[in-house]
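Accompanying notes for the structure given below.
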Amino acid sequence: MPTGLSLLIAISVALASANAQEIAGIKTPPTLKAQLTPKALENTISSKNLLAHAEQFLSFSKLSNGNRAFGSKGHEATIRYVKKLLDRTGYYDVEFQAFTYPYSESTSQLTVDGQAVFTQAFTYAPGGDAVAPVGLVSNDGCLASDYPVLSGKIALIKRGNCDFGLKVAFAGGAGATGAIIYNNVETRPSGGTLAQPSRPEGPYVPTAFITAADGAQLIARVNNGEEFEVSIHAEAINEDRTTSNVIATTKQGDRNNVIAAGAHSDSVPAGPGLNDDGSGSMGILEVALNLAKFRGLKKRAEEFGLVGSEYYVEHLPEEERQKVALYLNFDMIASPNSGYFVFDGDGNATDIPGPPGSEVIETLYRSYFDSYNIHTGSAVFGGSSDYQPFVDAGIPSGGLMTGAGGLKTVEGVQWWGGDAGVAYDVCYHQACDNIENLRVDVWERNTKAIAYSVASFAKSIEGIPRTPRAPVRTLRVSKLSYEERLHLTCDHEDDRA
Ligand SMILES: [Zn+2]
């Protein structure tokens, strides 16, 4: 997902209370539906239905140049589809929550001596042309003092230790006409973001993001005293766009104890986003549709939504936040070179625990996969998906994911098969994130796990603290070095630094 934007589908299952029906103001009609149990809901999930949704999502992307980026026709069609299906069950109150968010789409080309050099663009970087000699930046460019006067030059900066946005702003502040950031690991850069439309440290300038090897070559030539110019050509659309969250709440039940689950409904502008995060969105949708077939929730309320989690949580009154018992996040659950990762609620594996109660969610998922003899790895609460606003609000959180741009280890291959040294999702944030990119058996298993967890927590949230919570700020992965992050994260890569 584009970091900072957090559209999600939320399912909320509220817990039983003695007077739930009175609270909801609805009389439960007589029903012949089957009784809800975790296994029963799990058993309703099939890959056939998931793939039928996938065909739809792909067709939506064709409405807007092959993507479902927020504010696009493809995204609009996505949320309307979800709303329509949920409305049809008669089980939920479904609402759109409109909000505005800065949209950015950018491309970048770099030429050196007339030769094209591989480069990626940064989200939120401006369009424009810069043709100039290269000026070197000291250290990792995280301090203004690392930047000499760069008037009439293009700054060359190493990746690492602080946000890309800070570096590009410092370069602009030092007078540079462009900024090139070179990678600090061997792999090709897979794109990045300046994270916000502007910063106080200086104006953004046209950017390029290149490999470590290409960066080293430029540095060597400058140090040799060679005189040469490089050229950046960047194109960008940066504008505010309006989009909507979809929030669906069960008509019946106690809304004082809500279980929320989320996935973001948009894709990056580069592609249709079938795995990122069509897989999580469709998984939750399918669970919600099947949940509506059961009884046993007559004393509970539930919600489904496509919402911007940041906007959603920020605009949730404090009183309402306290009603959210826990949050489940599903962002990329069908990666082609999959791992099975469970969010590290207790912080045992990553040193970054979720709010108290998150360990209960972790334990449930680990037991679930254990029961199928599936090994689980640990996903870190690193700040690069929709759980973060919930975590920051102190809401116990958890979830599943199958890996993004990080590379599968040899150990990972022993656990899950696949290819070592290859990204979990080679099509992460690319045009090829289409139906063929989905690992269907893993997707089905994870969706079954979602179903199992939703029904389990609907029955009981034993161990989840329900005392009033204070907002907390947890350590975010962007504060760690790149090497530390590589150890921790199979998560969405943190693409801000
Ligand atoms: Zn995502």
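The values are calculated or read from the model by the stated rules, or taken from the named source; none is laboratory data. Just so we're clear, the structure is a prediction, and the values are computed from it rather than from any experiment. Neighbour counts are summed over all protein chains in view; Cβ atoms, including those assigned to glycine, are modelled from backbone coordinates with ideal geometry.
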Check your understanding: Among (1) crowded, with 16+ Cβ neighbours inside 10 Å; (2) at pLDDT below 95; (3) outside the structural domain of residue 429 (by TED's automatic domain parsing), which single condition is residue 110 missing?
Key -> (2)
**Study point:** Filter result for the condition that a residue is of a type in the set (Phe, Trp, Tyr) and surrounded by fewer than 22 Cβ atoms within 10 Å (Cβ to Cβ), over 122, 118
**Key:** 118
Practice item. Answer with yes or no whether residue 217 is at pLDDT below 95, away from the ligand (no atom under 16 Å from the Cβ) and in the same structural domain as residue 135 (by TED's automatic domain parsing). Key: no
Exercise for review: Considering every residue within region 254-261, establish whether at least one is basic (Lys, Arg), farther than 21 Å from residue 389 by Cα and at pLDDT below 95.
Suggested key: no
Review point. Mind checking whether some residue in region 41-63 is at pLDDT below 95, polar (S, T, N, Q) and crowded, with 16+ Cβ neighbours inside 10 Å?
Key: no
Practice item. Tell me which residues, restricted to region 220-248, are farther than 24 Å from residue 128 by Cβ and aliphatic (A, V, I, L, M). Key: 220, 246, 247, 248
Review point. Being in contact with a Lys or Arg (Cβ under 9 Å, 6 or more places away or on another chain), more than 18 Å from residue 271 (Cβ to Cβ) and not basic (Lys, Arg), is that true of even one residue in region 54-76?
Key: no
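Would you list the strands (runs of 3 or more DSSP E) that sit entirely within region 103-168 and hold 1 or more residues that are touching a His at 6+ places or on another chain (Cβ under 8 Å)?
On the way: elements: 115-117, 128-132, 134-136, 154-158.
Correct list: 128-132.
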Practice item. State the number of residues belonging to region 266-286 that are closer than 14 Å to residue 64 by Cβ and within 11 Å of the ligand (Cβ to nearest atom). Key: 4
Review point. Which condition does residue 300 not pass, out of (1) buried (at least 24 other Cβ atoms within 10 Å of the Cβ); (2) at pLDDT 80 or above, if it passes all the others?
Key: (2)
Check your understanding: What number of residues within region 410-425 are at negative phi and out of contact with any helix residue (DSSP H, G or I) (no Cβ under 8 Å at 6 or more places or on another chain)?
Key -> 10
Exercise for review: Kindly indicate whether residue 420 is farther than 30 Å from residue 317 by Cβ and either within 21 Å of the chain's Cα centre (by Cα) or not aromatic (Phe, Trp, Tyr) (or both).
Suggested key: yes
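From the list 377, 354, exactly one residue is more than 16 Å from the ligand (Cβ to nearest atom), surrounded by fewer than 24 Cβ atoms within 10 Å (Cβ to Cβ) and among the small types (Gly, Ala, Ser). Which is it?
Details: 354 fails: surrounded by fewer than 24 Cβ atoms within 10 Å (Cβ to Cβ).
Of the residues listed, the single one that is more than 16 Å from the ligand (Cβ to nearest atom), surrounded by fewer than 24 Cβ atoms within 10 Å (Cβ to Cβ) and among the small types (Gly, Ala, Ser) is 377.
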Exercise for review: Go through region 402-423 and give me each residue that's within 16 Å of the ligand (Cβ to nearest atom) and modelled with pLDDT of 95 or more.
Suggested key: 402
**Study point:** Members of region 328-351 that are without any contact (Cβ under 8 Å) to a residue 60 or more places away in the chain and within 16 Å of the ligand (Cβ to nearest atom)
**Key:** 343
Revision key, fill the gap. When region 72-90 is checked residue by residue, the ones that are farther than 28 Å from residue 238 by Cα and either β-branched (Val, Ile, Thr) or assigned to a loop (DSSP other than H, G, I, E, B) (or both) are 89, 90
Review point. Going by the structure shown, is residue 382 away from the ligand (no atom under 15 Å from the Cβ) and among the small types (Gly, Ala, Ser)?
Key: no
Check your understanding: Filter region 380-429 for residues that are hydrophobic (A, V, I, L, M, F, W, C) and assigned to a strand (DSSP E or B); which is surrounded by the most Cβ atoms within 10 Å (Cβ to Cβ)?
Key -> 401
Check your understanding: So which residues in region 325-351 are touching a Pro at 6+ places or on another chain (Cβ under 9 Å) and buried (at least 19 other Cβ atoms within 10 Å of the Cβ)?
Key -> 325, 326, 327, 344, 345
Review point. Given region 206-274, what strands (runs of 3 or more DSSP E) lie entirely inside it while holding 3 or more residues that are over 17 Å from the mean Cα position of the chain (by Cα)?
Key: 207-210, 230-250
Review point. Of the residues in region 50-82, how many are touching a Ser or Thr at 6+ places or on another chain (Cβ under 9 Å) and at negative phi?
Key: 22
